[in-house]
């Protein structure tokens with residue numbers, strides 16, 4: 001059995017970035033006094049920081065205070081797989097949910113964000129390893145072959161074959177050769193980024209623009225009113241408007257407790273092995289995922305590593321975001337074993353790092369944006385592990401909403417979308433744990449080219465039967 005990597009406390013991405021002065025940056029001490037601002041932002045991840053960026057683009061004179069309980073990029077924004085995704089791979093569901101024309105608007109807005117992130121890195125000299133080389137979704141078992149049928153029918157109906165193309169087994173393996181890859185779908189919009197470098201580079205630009213960032217600042221009490229009030233141990237911020245960009249931690253807010261649920265996503269990283277990558281034809285920056293319910297997502301790094309992730313994991317009842325979301329030995333073991341099964345040529349390449357993070361899962365598998373009844377508190381949640389590209393779009397939405405300035409993105413169906421509600425506790429946590437384990441068992445059985453137990457299969461499919469866009 002291969003040894004597991006140690007728990008280093010931070011993701012490899014973040015440790016790699018913070019080791020470089022241009023990404024470590026100047027300190028942003030905790031708030032230590034009472035202050036006023038035009039806008040206060042809770043959360044120093046992508047959504048909060050992109051909101052601050054767009055606010056400054058709209059009104060450079062705005063006084064913005066951003067409060068982050070850890071460090072900017074310390075949460076999911078510095079832990080994810082770095083897939084800069086749009087919404088094209090969800091075109092069929094978007095069309096079913098909202099209609100063809102609104103679905104196209106969402107996908108094109110997502111595509112603008114992919115391009116916008118690339119431009120931002122170039123214009124601000126941020127070496128975030130941005131590579132817009134597309135995404136490849138593969139069938140990693142025979143049961144997954146054709147799972148994209150509804151997507152391709154939507155693509156054909158809308159004449160979008162120049163963006164999304166079905167590939168044969170041989171065509172897939174000329175791009176990335178794995179004995180378990182059978183066929184796939186190539187989406188030409190999308191790519192990869194070093195997520196922590198992007199987050200820390202964005203932080204640097206915001207500081208240059210005059211945004212007041214306070215890290216290590218936990219908001220102990222938030223009052224929605226006029227003004228909004230954010231209390232911390234060191235002081236209070238009063239502001240005309242607020243943006244809540246707290247990701248999975250929104251589950252602790254009564255307002256959001258039943259519209260998101262929290263899952264874990266875990267990544268392992270190999271030692272550099274560029275010759276092995278060349279031997280399996282993986283010499284591009286192509287991002288790869290499969291069609292499992294507990295999805296595998298994988299990409300390479302410039303020095304020849306594979307970063308291999310698995311989503312949809314749940315440590316027991318998971319009613320709180322505890323340290324197991326940052327490192328769970330069982331989930332890390334699953335990721336290691338699956339990596340070596342998918343790429344046996346890497347069997348003797350050591351695993352040098354492993355980490356995890358919480359993701360805010362919505363019932364529609366889509367982010368949603370809205371405003372509280374007071375009219376001056378805005379939020380964006382439910383990225384469901386796919387937030388690198390959509391958070392850029394979310395920042396644009398929230399900035400325009402906060403300043404009451406119109407932009408076409410405010411007409412997207414994701415804005416003021418009423419999210420599907422999850423059951424109340426204790427049903428939610430217990431039910432989620434049971435179905436999550438069934439989903440994982442079903443995936444493992446299909447990975448082995450066997451037929452799932454009928455009862456396990458039934459339980460795994462319950463979320464979708466209940467109207468959620470989750471599970472098989």
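A short reminder: the numbers here are calculations on the coordinates, not readings from a lab. Everything quoted here is computed from the prediction, not taken from an experiment. Here Cβ is always computed from backbone atoms with ideal geometry, including for glycine, and neighbour counts include all displayed protein chains.
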Could you calculate the contour length gain from residue 278 to residue 145, that is, 0.36 nm times the residue separation minus the distance between their Cα atoms, to one decimal place in nm?
45.3 nm
Longest principal axis of the chain (C-alpha) makes with the long axis of helix 195-208 (C-alpha) an angle, in degrees to the nearest 10, of 20
Exposure proxy check: 222, 455, 83, 325 ranked by fewest other beta carbons within 10 Å?
455, 222, 83, 325
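Rounded, prolate or oblate: which fits the range 1-150 when a ≥ b ≥ c are the square roots of the eigenvalues of the alpha-carbon gyration tensor, with rounded for a/c under 1.5 and prolate only if a/b beats b/c? Before the final figure, lay out each step's value.
On the way: a/c = 2.16, a/b = 1.32, b/c = 1.63.
Oblate is the answer for the range 1-150, as a/c is 1.5 or above yet b/c matches or exceeds a/b.
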Cα point-scatterer Debye curve for the range 415-470, base-10 log of I(q)/I(0) at q = 0.15, 0.27 Å⁻¹:
-0.50, -1.08
Helix-only mean residue ellipticity at 222 nm, the chain, DSSP H runs n ≥ 4 weighted -39,500 (n - 2.57), per residue, nearest 500. What is it?
-10000 deg cm²/dmol
Segments 415-425, 293-303 sorted - mean Cβ within 10 Å per residue, highest first:
293-303, 415-425
If you rank 49, 175, 153 by fewest surrounding Cβ atoms within 10 Å, what's the result?
153, 175, 49
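Please compute the length gained on full extension between residue 115 and residue 168, using 0.36 nm multiplied by the number of residues separating them and subtracting their Cα-Cα distance.
Details: separation 53, 0.36 × 53 = 19.08 nm, distance 2.81 nm.
Fully extending the segment from residue 115 to residue 168 adds 16.3 nm.
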Square roots of five times the Cα gyration tensor eigenvalues for the chain, Å:
34, 24, 23
Please determine, in degrees from 0 to 90 and to the nearest 10, the orientation of helix 100-123 with respect to the longest principal axis defined by the Cα atoms of the chain, where the helix direction is its Cα long axis.
70
Before anything else, pin down the relative contact order of the range 136-231: Cα pairs under 8 Å, at least 6 apart, normalised by residue count, whole percent.
25
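Where does each of 213, 163 land when they are ranked from fewest to most other beta-carbon atoms within 10 angstrom? Kindly include the intermediate steps, with their values, before the conclusion.
Working: 213 26, 163 18.
With the fewest neighbours first, 213, 163 line up as 163, 213.
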Potential lengthening between residue 337 and residue 456 on full extension [0.36 nm per residue; Cα-Cα distance subtracted]:
40.6 nm
At a threshold of 8 angstrom on Cα-Cα distance, excluding pairs fewer than six apart, so keeping six or more, what relative contact order does the chain reach in percent?
22
Helix 427-447 vs. the chain, principal-axis angle (Cα, 0 to 90°, nearest 10)
30
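Which whole-number percentage describes the relative contact order of the range 89-198, with Cα contacts under 8 Å and a sequence gap of 6 or more?
Once divided by the residue count of the range 89-198, the mean separation gives 36 percent.
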